[in-house]
Amino acid sequence: MVATRDRHEQVAATLPRHLALPERPRILVVDDASAQPVVAPGAEVLPLSRGAGGAARNAGAWTSTTPYLAFTDDDAWWSPGALRLAAGLLDANPRLAVVQPHVLVGDTERDDPTCAEMRTSPLPGAPGQPGRPILSFIACAVVIRRDAILSCGGFSEQLGIGGEEQLLSWDLAAAGWQLSYVPEVVAHHDPPPSPDGRPARQAATIRNALWTMWLRRPLTAAARETAAALARATHDRTTAQALRDAIVGGGWILRQRKVNPPHVEAMCRALARGTPLL
């Protein structure tokens, strides 16, 4: 499943890679209300009437009938055989909800820095769980069990794009699902250059991190992270903008607040410390 909005060149460049995969997956392009309709020969197109950001993937999940969903963005694709390997792991592990691949970035195929962190995750695995246990994923390239994502409500519409994976990941873990980083499964990501550093996306990511904290973490943890953001905001314009956006647009947070269960909170603390759970 490919999510896209107003990036026709990226779709045209990566679609042939999807079509050439030996697994011959069904390819669904979710057009997130692009100004001009997406043209994707050889694939199905699901046009949305209004932009949903990261939650556009929910529409694709509801439309699909396969047990597993391989999410990509319009600038990402899978290595041949990766989907077969991921599906085999999900077949063999019925509580496994997320298979996060090793993502190679750009022409030089450098490691995605998030994958580098996942490789040293301190979280303990469940018996038989493949790969490294994780508590988030990279939505531009991930394989997810369809029933799991739908049972947890999918991606939040309020978060849009920018770190929207964290909230869903915590909810999956709270429901007893496993998430794994499996480096043998490989995907590629070739984002277009952004000379300005994409400050709006950075601000949205910081805002979403704050919202996610207040939605799921205990008050002390959420307050601590907010205080740290306030300290950064004194010399960081992007963080200051994120804080303003979080406050102005966050009236819905307390209505939807549901604190993580103890086992998920323990995982959050372990990741923050970088030390294994005892």
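Please treat every number below as a calculation from the coordinates, not as lab data. Computed from a prediction, not measured in an experiment: that's the story for all the values here. Backbone-built Cβ (ideal geometry, glycine too); neighbour counts: all protein chains shown.
Could you work out [θ]222 nm for the chain from helices alone, using -39500 (n - 2.57) per DSSP H run of at least four and dividing by all its residues? Round to the nearest 500 deg cm²/dmol. Can you show the working numbers first?
Working: 11 runs with 116 residues, N = 278.
My calculation for the chain gives -12500 deg cm²/dmol from helical runs alone.
Along the Cα→Cβ direction, 7 angstrom out, place labels at Leu254 and Arg26. What is the inter-label distance in nm?
4.4
How far is the Cα center of the stretch 98-160 from the Cα center of the stretch 198-249, in Å?
Distance between centres, Cα-based: 23 Å.
If a/c stays under 1.5 just call it rounded; otherwise compare a/b with b/c (prolate if a/b is bigger, oblate if not). Do that for the stretch 155-195, with a ≥ b ≥ c from the square roots of the Cα gyration tensor eigenvalues.
Because a/c hits 1.5 or more and a/b fails to exceed b/c, the stretch 155-195 counts as oblate.
Mind checking which of Ala56, Ala139, Ala233 has the largest fluctuation in a GNM of the chain, springs on alpha carbons under 10 Å?
Evaluated over the chain, the most mobile residue of the options is Ala233.
First check a/c for the stretch 65-160, with a ≥ b ≥ c the square roots of the eigenvalues of its C-alpha gyration tensor; if it is under 1.5, answer rounded, and if not, answer prolate when a/b is larger than b/c or oblate otherwise.
Verdict is rounded for the stretch 65-160.
What is the stretch 105-252 by shape, rounded, prolate or oblate, if you read a ≥ b ≥ c off the alpha carbon gyration tensor as root eigenvalues and call it rounded for a/c under 1.5, prolate for a/b larger than b/c, and oblate otherwise?
oblate
Can you list residues whose amide H is under 5 Å from Ile134's amide H, if they're 5+ apart or on another chain and H is modeled 1.01 Å from N?
When sequence neighbours closer than 5 places are left aside, the close amide H contacts are Leu179, Ser180, Tyr181.
What is the gain in length, in nm to one decimal, between Val39 and Ala266 on full extension, counting 0.36 nm per residue of separation less the C-alpha to C-alpha distance?
Details: separation 227, 0.36 × 227 = 81.72 nm, distance 4.59 nm.
Answer, rounded to one decimal: 77.1 nm.
Of the labelled options (1) 1.13; (2) 1.03; (3) 0.99, which one gives Cα Rg over 2.2 N^0.38 Å as computed for this structure?
From the options (1) 1.13; (2) 1.03; (3) 0.99, the structure gives (3).
Most fluctuating residue of Gly249, Gly131, Gly154 in a GNM of the chain with Cα springs under 10 Å: which is it?
Most flexible of the set in this elastic network: Gly249.
Non-local amide H neighbours of Tyr68 (under 5 Å, H modeled in plane, Pro and chain starts lacking H): which ones?
Arg146
Mean-square fluctuation check for the chain, GNM, Cα pairs under 10 Å: which of Ala246, Ala223, Ala55 is largest?
Ala223
Normalising by the residue count of the chain, find the relative contact order in percent from Cα pairs under 8 Å and 6+ residues apart.
19
Among Trp252, Trp77, Trp214, Trp170, which comes first, then next, by fewest other beta-carbon atoms within 10 Å?
Working: Trp252 11, Trp77 22, Trp214 19, Trp170 25.
Exposure proxy ranking, most exposed first: Trp252, Trp214, Trp77, Trp170.
Once amide H atoms are placed 1.01 Å from N in the peptide plane, what residues at a sequence separation of 5 or more from Val30, or on another chain, have their amide H within under 5 Å of its amide H?
Residues meeting the criterion, in which the H sits 1.01 Å from N, are Val2, Ala3, Thr4, Leu46.
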